[in-house]
């Protein structure tokens, strides 16, 4: 059956007292969505209807080879049971989310053609063998981070990635909306954030050391209604959207729009020296960071008020990573703030900045999450950590009683190259093969069982400095995202004991699903001619990635 991610239990053949065979969907088959599963029924009827041409009218009785959806309170929230027998197909879940994941499994069982947007012909078999599948996820946070600040992805592309996530049972979309190179969300009270901050005059091609430029403007942003549509579309697929608004570093686009947000007593001299204060057109860590002033706090409180209106997620990501301290060391305003607050140094100033928004979000019933630099200077109370610089930050946070999402760059940064070969396009970072990702283990063995309960789950990250369009994003994401999805969902053995050969065999069918979905993945044999980028400088790192 080649299911990905692998389910917990599959028992093939009929149930007790039933015959052998399969459930065959025809023009007479019906779909019945029980109370609480109506949304899943609408999604499934639409997805299967466009791919097969079958109407799947409402209503279904045992024995008519139809599909029945219902809730079972004895199952866990995302747990499901799929039974195919002479009475048809029954999908039960502990919640609508569980039923939805069961529906995704049914789609895989029906074959790769069910991922197409139109039927290929009436003679295509649409059947499910008699079997019973019982399944539940290992982690509650199964995430994908997409950076749309470095290269903007239009709304249609974001919706497409939500569909791809759902097909792989991923349920958290980390939406990286702001950075030095662009501001991508409309904020009504601060219109210059998009008028100025959403586009740049040109873009570095390749790594920042590359001499190549794309000499044309690049930009785009999501309107408030775009965001509402994205969030609603995700919710229909039982995906939570976690927005990221970066503070206090990675804020050049915001400072370009509203210079008073920056350390003006330091930046002024830089501008007089001929440096332009504009949206950044290259990569790396920009030295311009937010000023630790009351004006900056009030400005971003206004930003977050609008963000909370649009995103109902429990967590809000505030970045907090890669914040250079040089400007704060040189700024008399920043130094005065350090003295006023009785802080020891600039690390504690960053901790104060993060702590302010932790308290602000907590007062509104939300939770702050940030990259593991928020540990520096003291971890804000109630904050969760995205552990990206290896496992150490996540281990420290979990031991201190804070929740953690494991996303170490050495393992699950999918912008890193997939092969050491010379044809790999714009090679970045370490080599992370499909097998490397499949053997990733999110829970460090150093943690006790009690500490390990703070590991909410795991997340793969896609930073788009060298991904200029959705085809490049596809190439970097797939097929590795399929391996990651299995790591996040399935109860796999220890990394060294995992059956990668079996996974590769299942991928043979899964590539056909990706083909039907139009995913421009990296073929197992290497990049296709049009996927290469000869002559574009990357940033490969020699040697194996460091151990945790």
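Taken together, the values in this text are just the output of simple stated rules run on the coordinates, not laboratory data. Remember, it's a predicted structure, so these values are computed and weren't measured experimentally. Cβ coordinates were reconstructed from backbone atoms using ideal geometry, including for glycine residues, and neighbour counts include every protein chain displayed.
Anything in the stretch 508-548 that is under 24 Å from residue 113 (Cα atoms), in a loop (DSSP other than H, G, I, E, B) and touching a helix residue (DSSP H, G or I) at 6+ places or on another chain (Cβ under 6 Å)? List them, or say none.
Those that are under 24 Å from residue 113 (Cα atoms), in a loop (DSSP other than H, G, I, E, B) and touching a helix residue (DSSP H, G or I) at 6+ places or on another chain (Cβ under 6 Å): 519, 520, 521, 522.
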Could you run through the stretch 300-328 and say how many residues are farther than 16 Å from residue 364 by Cα, touching a helix residue (DSSP H, G or I) at 6+ places or on another chain (Cβ under 8 Å) and surrounded by 20 or more Cβ atoms within 10 Å (Cβ to Cβ)? 4
Go through the stretch 35-145 and tell me which strands (runs of 3 or more DSSP E), entirely inside it, have 1 or more residues that are more than 30 Å from residue 483 (Cβ to Cβ). 67-71, 80-85, 88-93
I'm trying to understand the selection: among the residues of the stretch 449-461, which are within 17 Å of the chain's Cα centre (by Cα) and at negative phi? 455, 456, 458, 459, 460, 461
When the stretch 202-216 is checked residue by residue, the ones that are outside any strand (DSSP E or B) and under 23 Å from residue 246 (Cα atoms) are 202, 207, 208
State the number of residues belonging to the stretch 290-299 that are free of Cβ contacts under 8 Å to residues at least 60 places away in the same chain and either surrounded by fewer than 22 Cβ atoms within 10 Å (Cβ to Cβ) or within 29 Å of the chain's Cα centre (by Cα) (or both). 6
For the stretch 146-174, how many residues meet the condition of being farther than 22 Å from residue 101 by Cα, touching a residue at least 12 places away in the same chain (Cβ under 8 Å) and either assigned to a loop (DSSP other than H, G, I, E, B) or out of contact with any helix residue (DSSP H, G or I) (no Cβ under 8 Å at 6 or more places or on another chain) (or both)? 8
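Kindly indicate which of 394, 429 is surrounded by fewer than 22 Cβ atoms within 10 Å (Cβ to Cβ) and touching a residue at least 40 places away in the same chain (Cβ under 8 Å).
Exactly one of 394, 429 is surrounded by fewer than 22 Cβ atoms within 10 Å (Cβ to Cβ) and touching a residue at least 40 places away in the same chain (Cβ under 8 Å), namely 429.
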Looking across the stretch 185-201 at residues that are in contact with a strand residue (DSSP E or B) (Cβ under 6 Å, 6 or more places away or on another chain) and assigned to a loop (DSSP other than H, G, I, E, B), the single one that is farthest from residue 261 (Cα to Cα) is 198
The number of residues in the stretch 449-472 that are assigned to a helix (DSSP H, G or I) and in contact with a strand residue (DSSP E or B) (Cβ under 6 Å, 6 or more places away or on another chain) is 0
Only one of these conditions is not met by residue 232: (1) surrounded by 21 or more Cβ atoms within 10 Å (Cβ to Cβ); (2) closer than 25 Å to residue 318 by Cβ. Which number is it? (1)
Filtered residues of the stretch 373-391 (kept if in contact with a helix residue (DSSP H, G or I) (Cβ under 7 Å, 6 or more places away or on another chain), crowded, with 21+ Cβ neighbours inside 10 Å and over 26 Å from residue 482 (Cα atoms)): 374, 375, 379, 380, 383
Can you tell me which of (1) crowded, with 23+ Cβ neighbours inside 10 Å; (2) touching a helix residue (DSSP H, G or I) at 6+ places or on another chain (Cβ under 7 Å); (3) assigned to a helix (DSSP H, G or I) is the one residue 279 doesn't meet? (3)
Counting only residues that are assigned to a helix (DSSP H, G or I) and under 25 Å from residue 42 (Cβ atoms), how many does the stretch 217-240 have? 12
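Of 66, 59, which residue is surrounded by fewer than 20 Cβ atoms within 10 Å (Cβ to Cβ), free of Cβ contacts under 8 Å to residues at least 60 places away in the same chain and more than 25 Å from residue 235 (Cβ to Cβ)?
59
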Considering only residues that are touching a helix residue (DSSP H, G or I) at 6+ places or on another chain (Cβ under 9 Å) and assigned to a helix (DSSP H, G or I), look in the stretch 487-505 and name the one that is farthest from residue 435 (Cα to Cα). 489
When you go through 475, 511 one by one, which is the residue that is farther than 29 Å from residue 401 by Cα and crowded, with 19+ Cβ neighbours inside 10 Å? 475
